[in-house]
Every structure is written in C-alpha cells, then in structure tokens.
Amino acid sequence: MIPIDADHIGRVYRVGDHVDTDAILPGRYLALRDPEELGRHCFEALDPQFCTRVKAGDILVAGRNFGCGSSREHAPIALLAAGIRAVIAASAARIFYRNAINLGLPVLISPNASAQMKAGEPATIRLGAGLIRQGDASWRADPLDGEVAAILAAGGLVERTRRRLANHDTRGTAHG
Amino acid sequence: MAKTIAEKILARHAFEGDVSSGRIVTIAPDVLLLNDVSGPIAFDRFKAMEARRVASPERVVLVADHFAPASDIASASANRMLREFASTYGIAHHYEPGRGGIEHALLAELGMVDHGAVVFGADSHTCTAGALNALGMGFGSADLAAALATGSLWLRTPETIRIDLTGSPAGFVTGKDVALSVTRELKEDGGLGAVLEFGGPGLAHLGMDERFAIANMAVEAGADACAFEGDEVSAAYLATRRRDTGPPMLPDDGAHYRSRLSIDLSALSPLIARPPSPASVVPVESVAGERVDQVYIGNCANGSLTDLRQAASILKGRRVAPGVRLIVVPATQQIMRTAMAEGLLEILAAAGAVIGPSTCGACFGGHFGILAAGETAVATTNRNFRGRMGHPDSHVFLASAWTAAAAAVAGKIVSPATLSRDADA
C-alpha cells in the first residue's frame, strides 16, 4: 500500500466516465482467484496493452461513477496486480469504492483533479492530507471517512478485522 | 424526527442511535448472502482474518448460481468451496442447482426477507430485496468476510430519493419498463449515495415479480439500495412463505428526501436500453427493425413466473425466427416446476426455445449463451455494458419479457403490441 503520511509518486493512466467493473475485469474470468492471472486480464477490451503499459505504482485517474456495476472484488484485485496503486475519480460507485479501500487501494475523490490531470505524466499523492499534485497544479481530495482512514491505516480490512477479532472488539464501530 | 423507510429500517439494525444521512453507523443485517463467485474470495479473507466462527450461521445463505452447474474445473472448485464452508461452519442455507436457483429470486422465495429486514449480499443485485419493503445492499467479498466474522458492517448512511408511482400501466408495459424509466431519469449515477424509495398509488398495480424487476435495477442508477413501501401485495407474498410477518414500513410525513421523482405508469410505453448502458433508454419503436441473433429471458429478477407467462403469451402458436436463438432461464427450481405444471415450458420449447438451468451464466457473460463478435441480443437482464454477455464487439439491448419474446418471433426488435396486432389482423 502507498504510504499515508509520505509522498507517493506514480505516472497517470486515464479512463473516462462510468467505467464498469466488467470493463475492469470481464465476467468470464470470475472463477479465477489468482491475482496475477486476474491482473493479466485487467482492462483487456478497453486497452489490450494495459498490462504492459502500466508500471507498478501508477495512478489511475477516472471520471464519474468509476467502478459501477458488478460487486466483483476481482476488479480491484486485478487493478492492484496490474500495478495500479491509487485511483483518483470524480466519483466512484459505492461497492467498488469499499472493495478498493478494503484491499488497500486508496480511491481519492476530486472532480477537479479528475478533469485536469494529464495522462502519461507523473503525479504525487499525499494520502493522509488528501493532496494531489502534478506539475505546477495541485488539488485537495474529499476527506476520508474515519472508518475508511482506519482501514487504510491498518493496511486493509483483513488486517483491521483480524486485529479487532483478536481484541474481541466487534460491537459497533471501533473508533481509533 | 420524521424518517424515510430506509432510515426506519437502518435505525432498527444500527448499534448507534442516530442514523440520519451522512453518519457512519454499524449495521447488523438479518441475512448475509454469498455466491460461488464472491464466496470463495470471502472465505479466503475470512481465514486471513483468523476468524474462528461465523457470528450467526443461521443468517447466512450460500448459493451456487453464477457458474453452476460448474462450467470448468475452476468453477467446480469454487462450488466445492461453498459446500465445504457450509459444512465446516454449520450453514444450513446452502443451495446448489436442482434445489435452489438464482440467489436474489431464491432468497425472496425462501421467505428469508421480511418487511423491514436488512440483507447484505456479496452481489450488486442484492438491492432486489428492496421490493419486499426491506433494504438489500451489495458489497464485495472482504466486507462480507468481515460480516461473517463479526455479524455487522459499517455504513455511511444514505440519503433517500422518493419515487412516486401514479396511474396504471397500459398493455405490454410491465415492471421492467418501470425499471428502465428509472434509469432513464436518474442516469447511471443519479442514485449515488441514496436509497430509492418507491411508493404511491401506482404501486397497487404492480405485482411482486414486477416490483422485484424494478428493485433489481436500482444499482444501475448507482443507488445504495431501494425500499418499496410495504402493502397488502407484499404482505400476501410473505404470508405464504413465512410464519410471522413484520408490519409494513412506511415513511413518516415530512421525511427528508434528497429529491423526488414522479413516474406516471399510464404514460409509459414498452422501453428498451440500448448498448452499452442500462440508462440509454428509448421507446422500443425507436429501435424497431434492429436485427437480433439471440434472445435471453432470465436473470435474478426477470426469470420469474410473470416473465415466463408473458413470454409464453407471445410465443404460443408461434415459432422463433430462423437464425435466432431463444434461451429461457427460469430463475429458480420452484419457478421452473410451476412453469412446467402450467404448460409454459412446453409452449416455449415448442416455439424453439432452449430452456436452461437456473443460473446467472449468460447474463454476466460466464457461460450458457455467450455472444460472438458482431452479435446482437435482446435480454431481460439488467446490464448491457460493452462485452457484458461475451465478445467486446457484441451488443445487448435490455427489455421486458414481452419485448424480448416479440424480438425472438420477429428476428428483429419490434414492439410487442405491433406483433400482437399483426397476428390479429
């Protein structure tokens, strides 16, 4: 996962509005669970070269309603396996958003960054502060919900839940 | 404070007192639903969480429906993982082909969703449960793993969009057309962060199967969930499936809505969603003449008895056009048996339909009816994204069973009313 209180630098790969999870990872691969295998099919219809173009650490910049459609967790698994380490979008579908956060793939919501960021050029994210920079431009993303921040701080929902179960803390939202 | 249906339902299931919109709350659902695609990943995560037990095994429903009967070795292994998890953790509600069906249709049929219930499902179409005056919310596998382990999940409480239904539908207008009128109005993301609340005098003209068809597509407008008002129709449906039924939940006067929408059912004509978006909705007439290769009648809300009856009413005494494949998938084993007893399957098969097992297969491009490059389908399903049912260069139009069956007969898209008039002439 990218650091929370330090800069992450990655190159920007852009997609448009209403990119659905079928486009991210087609349904015919849903019986697969191996991340590497899923990563090879990421965006294969939209951009057959996606896997070879994307380098580990890259940032996906999307338009409105990113990740709409199916709840398949295979979609963020495939994005991570392909090398994407953060998503910036004008808005995101609820289920995709949660799935990504749960796997430690942060999704930053910023309509302005989504509209203005340039493809193929590096950008910097300071996750904890919600700061996005590219060249001379900078944007501030919507603040993360407390629970979202807590999941990311733990490195994902599996680790957060593991700790909560170990502490017998499963009633209500665990603050802090 | 005056509440919407969603706020009332969430308040009953929340650990926190205040469930007004925008709050972070923890909700303990009545039912957790997983399938053979989302389940295996959830079980991996459950293990990684070092969870030792399922919090409430009696609330868990496992359904093999996506790749079931298994289409290959990977899916056979996934189906086996469901079987093993059920056995290890004492989950009685585990359904395989021949005893179950497509999860959302099956869950309702089993009577597991009461008025006012909350269902958390690892499938986006869990919103279908909203037809029963309940809240069904879709999640991914990690969230459902956490819910299996702890019995609850955090939520940011949604706002509510009120949709008032008025009038009564004209001929060949059914639940699917209402669903498509909703995506036409709200577009792909108008429902983000909201529950769609359906009510109004028009509701009385819609049977449960039609309500499920409408609820099923709430997520195609980006909604968190939907909630229909409970009434005599939903109460009668539950009475035959449950020992006790909770009172219908209705919104309070003065409840706060993000926005309101009114749909006059009497003004609707048969609608169709053009590829590649469930929100690209036009009257069927405006795309009439579009040639079709395959017609698919099935899915988690439109493989109902109502759909099969509508299809049979069109196909009775007719033949599927040469060069067209008609695939009919009753959504559950029970629907299949009733359709058999009513003679519907004979009518459909005599017309040239292939009757498939109760599976999600073709709807999501998994198996049992994949489209080749350049092919066009009319389907009663809920998504027509690029490549949804097969090759990225195939095309899917979404419509009602009446419109789909009419396309199968004509070999092209045609208004079911037109087809009916031609036959009478």
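Derivation of every value follows stated rules applied to the coordinates shown; laboratory data play no part. From a predicted model like this one, the values you see are computed outputs, not experimental measurements. Cβ coordinates were reconstructed from backbone atoms using ideal geometry, including for glycine residues, and neighbour counts include every protein chain displayed.
Quick notes on this structure:
- Relative contact order (%) - criterion: Cα under 8 Å, at least six apart; region: region B:5-266: 24 percent
- Largest GNM mean-square fluctuation across B:151, B:22, B:199, computed for chain B with C-alpha springs under 10 Å, falls on B:22.
- Each label point was placed 7 Å from the Cα along the Cα-to-Cβ direction; for residue B:338 and residue A:11 their separation is 5.7 nm.
- Rounded to the nearest 5, the antiparallel percentage of DSSP beta bridges internal to the protein assembly as shown is 30%.
- In chain B, lysine pairs closer than 22 Å at Cα, eight or more apart or cross-chain: 4
- Trypsin sites (Lys or Arg not before Pro) within region A:1-70: DSSP coil, no more than 13 neighbouring Cβ in 10 Å: A:55
- Residue-averaged [θ]222 nm for chain A, counting only DSSP H segments that reach four residues, each worth -39500 (n - 2.57): -8000 deg cm²/dmol
- Pairwise FRET efficiency - residue B:88 versus residue A:153, Cβ, R0 = 41 Å, nearest 0.05: 0.80
- Within the listed set A:62, A:23, A:166, the Gaussian network model of chain A (springs between alpha-carbon atoms below 10 Å) gives the highest mean-square fluctuation for A:166.
- Computed over the Cα atoms of region A:8-142, pair by distinct pair, the Kirkwood hydrodynamic radius stands at 14.4 angstrom.
- Those lysines that a straight Cα-Cα span of less than 22 Å connects to residue A:118, excepting residues fewer than 8 apart in one chain: A:55
- By the Stokes-Einstein formula, at 1.002 mPa s and 20 °C, chain B with its Kirkwood radius over alpha-carbon pairs has D equal to 100 µm²/s.
- Checking every one of the trypsin sites (Lys or Arg not before Pro) in region B:46-94 against DSSP loop status and a limit of 13 other Cβ atoms within 10 Å picks out B:52, B:53.
- Each residue of region B:102-114 was assigned a 3J(HN,Hα) from its phi angle through the Karplus expression (A = 6.51, B = -1.76, C = 1.60, θ = phi - 60°), giving 7, 3, 6, 5, 5, 4, 5, 4, 6, x, 7, 10, 8 Hz with x at Gly and Pro.
- Computed on the Cα trace of region B:156-254, the radius of gyration divided by the Kirkwood hydrodynamic radius gives Rg/Rh = 0.97.
- Exposure proxy order (Cβ contacts within 10 Å, fewest to most) of B:252, B:65, B:244: B:244, B:252, B:65
- Amide hydrogen neighbours beyond the local backbone of residue B:165, cut-off 5 Å, H modeled: B:199, B:200, B:202, B:203, B:263
- Radius 14 Å from Cβ of residue A:139, net charge of other residues (Lys, Arg +1; Asp, Glu -1): +2
- Built amide H within the under 5 Å cut-off of residue A:86, gap 5+: A:60
- Equivalent-ellipsoid semi-axes for the protein assembly as shown (Cα gyration tensor, √(5λ), whole Å, largest first): 36, 27, 24.
- Cα centroid of region A:30-73 to Cα centroid of region A:100-137, whole Å: 17 Å
- Annotation: the residues A:68, A:42, sorted from fewest to most other C-beta atoms within 10 Å of their own C-beta, follow the order A:42, A:68.
- Full-extension gain in nm, residue B:2 to residue B:23, via 0.36 nm per residue minus C-alpha separation: 5.9 nm
- Chain B, helix-only ellipticity at 222 nm - DSSP H runs n ≥ 4, -39,500 (n - 2.57), divided by all residues, nearest 500: -9000 deg cm²/dmol
- Counting every other Cβ atom within 10 Å of each residue's Cβ, B:1, B:249, B:217, B:137 order from fewest to most as B:1, B:249, B:137, B:217.
- Considering only region B:1-151, percent of DSSP beta bridges that pair antiparallel, nearest 5: 5 percent
- For trypsin sites (Lys or Arg not before Pro), no site in region B:329-420 is both called loop by DSSP and has at most 14 other Cβ atoms within 10 Å.
- Where labels lie 7 Å past Cα in the beta-carbon direction, separation of residue B:48 and residue B:288 in nm: 5.4 nm
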